[in-house]
Amino acid sequence: MSIGRRDFLKASAIATTATAFAPGINLIELAAARNPEQAATAIHRWGLLIDVNKCVKGCTACVDACFIENGINEKGSPTTDAQWIRKVTTKDKATGHEQIFPVMCQHCEHPPCVDVCPTGASFKRKDGIVLVDKHICIGCRYCMMACPYKARSFVHQTLTGQNHNAPRGKGTVESCTLCVHKIDRGDGITACADACAGENHKAIIFGDLKDPRSEISRQLKAQASSQIRADFNLNTGVRYRGLS
Amino acid sequence: MKAVHYSVIQGKSFGYILLLGIFGAITAFGFGAALYMEHNGHIVTGMNNQIVWGLPHVFAVFLIVAASGALNVASMASVFGRALYKPLARLSGLLAIALLAGGLAVLLLDLGRPDRLIIAMTYYNFKSIFALNIILYSGFFLLVGIYLWMMFERRMNPFTKVAGFFAFIWRLILTTGTGSIFGFLVARQAYDAAIMAPLFIIMSFAFGLAIFLLVLISSYAWTHREIGDAVVERLRKLLGIFVASVLYFVLVYHLTNLYVTEHHGIERFILLDGGIYTEIFWMGQILIGGLIPLLLCLTPLGRSRPMVLLAAVLVILGGLAQVYVIIIGGQAFPLELFPGKGVSSSFFDGQITFYQPSIPEMFLGFSGIGITLLITTFAIKVLPFLPNSLANKDVDPHFTDQSKGDSGPSAEAATA
Ligand code: SF4
């Protein structure tokens, strides 16, 4: 078998290109934080593990921290005020057994909000974070209809005192961003997880589901966990432990 | 059958100007309400993070659904070759366009950011059934427009049938698309049913025809043109068939839901203990919008113009009630995050939500009807949409008054 001149040239061109670019790709893969010019990559998938048994009744540290971090400060109209994270109480109808834990955007692998959004304002980053592009959202609220977790809020009024990290806008829809601004600057933790740890409850673990060495992956491997409404097959990025 | 002569209406009378004024005012109030809502945010409406689609959506969806149904009369003439409906085809096309315009205007003005219309039209997520609907609506305007042109332009007449056929197919897809907006929301129990799309199609038949009848009879009365029983009686019976079909589909919808244990909660809510929604369902949708019009349409009881008008009005009211129950009732029933568990939170998890439409929302909703009627009233003055006469002798020389005979459904109804 003989290799023609043209084939040889083609093969060497591919090889050269590969050697030139491969180290670059590696570099991006290994870096934990990325600078804002770089796109999020599918190397990571960020998520949370929430230990229901460690969450303390009456504690709202995660909720408070989230609201401060993201400048959610409307008050006085419970039905319209935004809630990116909330404490939910479930009660077993037969036994009366109660469980209390936080619920937020579950950052699905197959997010229904992204599927239905007419403009593409709802989108999922390569690293699994589900976000709303506030510049493209037309405020149709179809995503709120589609979300099985009631995770989204619509901004019903003019806002004041916004946090520059988390731009919000009247007439658009928003939800938990998994503190994307903190992830992107390499903080390695969300405000809720941070606050929970600060209270020494450690009920929320943040981390990379794709990195087998991460705390979250090791914990998930070690013990049983579940997803809310796993029957919808959305493969959520937020997992729960101890949910009965 | 004789050749049909169409003419524009004079539109100089005080009554006509008054009518334009009223419809114009309703429209203006709606725009005012929308401005007010946009300026203050949706906080001035009854909508909230639980009921995210409110009264404006009820009107918008009703009008959009009715739009495709209004085209039915024209389809029966062009596609199914029913000669009797031919003189009515132009008005049918006009109403279809006017209703769609009214519905879409309300939908648009209720957006959180109506100022971003350009974004809505330039950024498409093709996976979204909503985006698909935007394309379907634009196509509908275009196809019905072409269809009307074929009808108006004598040399284009031969193409009427083809254009009518495409418009007919398109409208079926369009209503399926509208129904699918809900069908895709699997997490919401009320909408998790395959029957949603066909239900919307049959609803469109009934709503569209009711509005058509109402506009037809009143415009003929006000312009002193003659319209005979040959037309009215057939449309009345046809409406009866459509109303019966809607009732049938609603029955099937609830029966199938009752088979699925998972859906017992929502069924109980709508049918038994949902408070206002249960009332609107039984009183509004079933009694006022279903059983009474059924009686008026299919028995001699309704054989007078006022009764036919009453039946049409009731079908419209019942239709609004039905869409209200579907849209608002479907949202008021809580999402099941944890099936089988009692759930509570500061975000109203597990709770049935209260919704009270505010005045601006009502204005905005009604403006959809205002826009529709404004367009229609104006259009029949500038273009010859209405036949000079729909008297029995002009539309069906063989028509015999059946008032003493049977009043069973006509052949037209069966083919529809
Ligand atoms: S409200 Fe905004 S993000 Fe949600 S579906 Fe509509 S355009 Fe998309």
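Some notes on this structure:
- Remark: A:Arg141 matches the filter, which requires a residue to be within 14 Å of the ligand (Cβ to nearest atom), at pLDDT 95 or above and not polar (S, T, N, Q).
- Residue match in region B:396-404 (condition: surrounded by fewer than 23 Cβ atoms within 10 Å (Cβ to Cβ), in contact with a Gly (Cβ under 6 Å, 6 or more places away or on another chain) and more than 22 Å from B:Leu91 (Cβ to Cβ)): no
- When residues of region B:89-132 are limited to those that are more than 12 Å from the ligand (Cβ to nearest atom) and among the polar types (S, T, N, Q), the one surrounded by the fewest Cβ atoms within 10 Å (Cβ to Cβ): B:Thr122
- Conditions (1) away from the ligand (no atom under 16 Å from the Cβ); (2) surrounded by fewer than 21 Cβ atoms within 10 Å (Cβ to Cβ); (3) within 24 Å of B:Thr372 (Cβ to Cβ); number of the one not met by B:Met156: (3)
- All positions within region B:3-26 that are in contact (Cβ under 8 Å) with a residue 60 or more places away in the chain, part of a loop (DSSP other than H, G, I, E, B) and over 12 Å from B:Pro387 (Cα atoms): B:Gln10, B:Gly11
- Taking the numbered list (1) within 14 Å of the ligand (Cβ to nearest atom); (2) in contact with a strand residue (DSSP E or B) (Cβ under 8 Å, 6 or more places away or on another chain); (3) not β-branched (Val, Ile, Thr) in turn, A:His97 passes all entries but (1).
- Qualifying residue in region B:124-136 (condition: without any contact (Cβ under 8 Å) to a residue 12 or more places away in the chain and assigned to a helix (DSSP H, G or I)): yes
- First in region B:188-205 and closer than 20 Å to B:Ala332 by Cβ and surrounded by 18 or more Cβ atoms within 10 Å (Cβ to Cβ), second anywhere and acidic (Asp, Glu) and modelled with pLDDT of 85 or more, Cβ under 9 Å, 6 or more apart: B:Gln189/B:Glu267; B:Gln189/B:Glu336
- Residue in region A:215-244 that is farthest from A:Leu48 (Cα to Cα), counting only those that are without any contact (Cβ under 8 Å) to a residue 40 or more places away in the chain and within 14 Å of chain B (Cβ to nearest Cβ): A:Asp231
- Evaluated against (1) without any contact (Cβ under 8 Å) to a residue 24 or more places away in the chain; (2) away from chain A (no Cβ under 14 Å), B:Gln322 falls short on exactly one condition, (1).
- Residue match in region B:145-161 (condition: within 14 Å of chain A (Cβ to nearest Cβ) and either modelled with pLDDT under 95 or on the phi > 0 side of the Ramachandran plot (or both)): no
- Among the candidates A:Ile205, A:Ile189, A:Ile228, A:Ile216, residue that is surrounded by 18 or more Cβ atoms within 10 Å (Cβ to Cβ) and part of a loop (DSSP other than H, G, I, E, B): A:Ile228
- Index of the failed condition, B:Ile327 passing every other in (1) touching a His at 6+ places or on another chain (Cβ under 8 Å); (2) away from every other protein chain (no Cβ under 14 Å): (2)
- Any hit, region A:174-184, residues being farther than 21 Å from A:Thr41 by Cα, in contact (Cβ under 8 Å) with a residue 24 or more places away in the chain and buried (at least 24 other Cβ atoms within 10 Å of the Cβ): yes
- Among the residues of region B:70-87, those that are modelled with pLDDT under 95 and either outside any loop (DSSP other than H, G, I, E, B) or within 16 Å of the ligand (Cβ to nearest atom) (or both) comprise B:Asn72, B:Val73, B:Ala74, B:Ser75, B:Met76, B:Ala77, B:Ser78, B:Ala83, B:Leu84, B:Tyr85, B:Lys86, B:Pro87.
- When region A:144-166 is filtered for residues that are more than 9 Å from the ligand (Cβ to nearest atom), aliphatic (A, V, I, L, M) and surrounded by fewer than 24 Cβ atoms within 10 Å (Cβ to Cβ), the ones remaining, listed by number, are A:Leu159, A:Ala166.
- Here B:Ser138 passes the criteria (1) more than 16 Å from the ligand (Cβ to nearest atom); (2) within 14 Å of chain A (Cβ to nearest Cβ); (3) crowded, with 23+ Cβ neighbours inside 10 Å except the one numbered (3).
- Elements of the type helices (runs of 4 or more DSSP H) sitting completely within region B:188-295 and holding at least 1 residues that are among the hydroxyl-bearing types (Ser, Thr, Tyr): these cover B:196-222, B:229-259, B:276-279.
- Screening the candidates A:Ser175, A:Ser225, A:Ser122, A:Ser214 for the property of being within 16 Å of the ligand (Cβ to nearest atom) and in contact with a strand residue (DSSP E or B) (Cβ under 6 Å, 6 or more places away or on another chain) yields one hit, A:Ser122.
- Among the candidates B:Leu111, B:Leu100, the residue that is at negative phi, in a helix (DSSP H, G or I) and either free of Cβ contacts under 8 Å to residues at least 60 places away in the same chain or touching a Lys or Arg at 6+ places or on another chain (Cβ under 7 Å) (or both) is uniquely B:Leu100.
- Any hit, region B:32-44, residues being hydroxyl-bearing (Ser, Thr, Tyr) and in contact with a Lys or Arg (Cβ under 6 Å, 6 or more places away or on another chain): no
- Members of region A:132-149 that are touching a residue at least 40 places away in the same chain (Cβ under 8 Å) and either touching a Leu at 6+ places or on another chain (Cβ under 7 Å) or of a type in the set (S, T, N, Q) (or both): A:Pro148, A:Tyr149
The values are calculated or read from the model by the stated rules, or taken from the named source; none is laboratory data. No experiment lies behind these values; they were computed from the predicted model shown. Positions of Cβ are backbone-derived with ideal geometry, glycine not excepted, and every protein chain shown enters the neighbour counts.
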